[in-house]
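Take a look at the structure below.
The values are calculated or read from the model by the stated rules, or taken from the named source; none is laboratory data. Note that the structure is predicted; figures quoted are calculated from it, not measured. Counting neighbours? That spans all protein chains shown, and the Cβs are built from the backbone with ideal geometry, glycine included.
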Amino acid sequence: MNSRLETVVRIAGSSVAGVVAFVAVTVLVTAGLEPYVWPSLLVGLPAGVAAGVAVFALAILGTRYYAERGTEAGVSRRTAVRLWAALGALGSFVVGGALGTAAVVLWGGGLASGLAFVGLPIGLLAAGAGGALTARFGARRSDRRRASAR
């Protein structure tokens, strides 16, 4: 298949996966929190956006990783580092956002305000730091593996 066509198919498929994740998470979180939080959509929308963006990014990087895995040269260092950085950023986002939201809720704040005004910003900062650290130290680790394989 043509490389441009592969790119278009990869982006289209990842976009569909991201939209499906956005809709599913938004509906599930909104419906699940409806008895407990009055504007449950205010909690469901940020959760859905985060899930949709994460699934889109991981689908793009995962399909590229999978496609390169079958070649003679194997997976490029650039693709591997990008995938690991995205996974590190996603994990850091979830942990940082959850800790920030939990802190606000435990100190008497509301869930919706804790998620929107504390959890989301802290999660984004943690994602940036986690992704950067994973890319930096993951690249060193893969360099050491390649050097020992020779």
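Does TYR36 satisfy the criteria of being surrounded by fewer than 15 Cβ atoms within 10 Å (Cβ to Cβ), touching a residue at least 40 places away in the same chain (Cβ under 8 Å) and out of contact with any Asp or Glu (no Cβ under 6 Å at 6 or more places or on another chain)?
When the stated conditions are applied, TYR36 passes them.
Considering only residues that are among the aliphatic types (A, V, I, L, M) and touching a helix residue (DSSP H, G or I) at 6+ places or on another chain (Cβ under 7 Å), look in the stretch 66-86 and name the one that is nearest to VAL53 (Cα to Cα).
ALA86
Would you please name the residue that is nearest to LEU5 (Cα to Cα), looking only at residues in the stretch 60-76 that are small (Gly, Ala, Ser) and at pLDDT below 85?
Here the residue is GLY70.
Among the residues of the stretch 1-33, how many are surrounded by fewer than 18 Cβ atoms within 10 Å (Cβ to Cβ), more than 20 Å from ALA102 (Cα to Cα) and not hydrophobic (A, V, I, L, M, F, W, C)?
Qualifying residue count for the region: 8.
Quick test of your reading of the structure: PHE56 fulfils all but one of (1) exposed (fewer than 13 other Cβ atoms within 10 Å of the Cβ); (2) modelled with pLDDT of 95 or more. Name the failing condition by number.
That leaves (1) as the condition not met.
Being modelled with pLDDT of 85 or more and either of a type in the set (A, V, I, L, M) or surrounded by 14 or more Cβ atoms within 10 Å (Cβ to Cβ) (or both) narrows it down to one of ALA147, ALA98, ALA112, so name that one.
ALA98
Of the conditions (1) under 17 Å from the mean Cα position of the chain (by Cα); (2) crowded, with 20+ Cβ neighbours inside 10 Å; (3) touching a residue at least 24 places away in the same chain (Cβ under 8 Å), VAL43 fails just one. Which one is it?
Going through (1) under 17 Å from the mean Cα position of the chain (by Cα); (2) crowded, with 20+ Cβ neighbours inside 10 Å; (3) touching a residue at least 24 places away in the same chain (Cβ under 8 Å) one by one, VAL43 breaks only (1).
Please count how many residues of the stretch 22-38 are in a loop (DSSP other than H, G, I, E, B) and of a type outside the set (A, V, I, L, M).
4
Criterion first (of a type in the set (Val, Ile, Thr), more than 24 Å from GLY96 (Cα to Cα) and over 17 Å from the mean Cα position of the chain (by Cα)) does THR71 satisfy it?
yes
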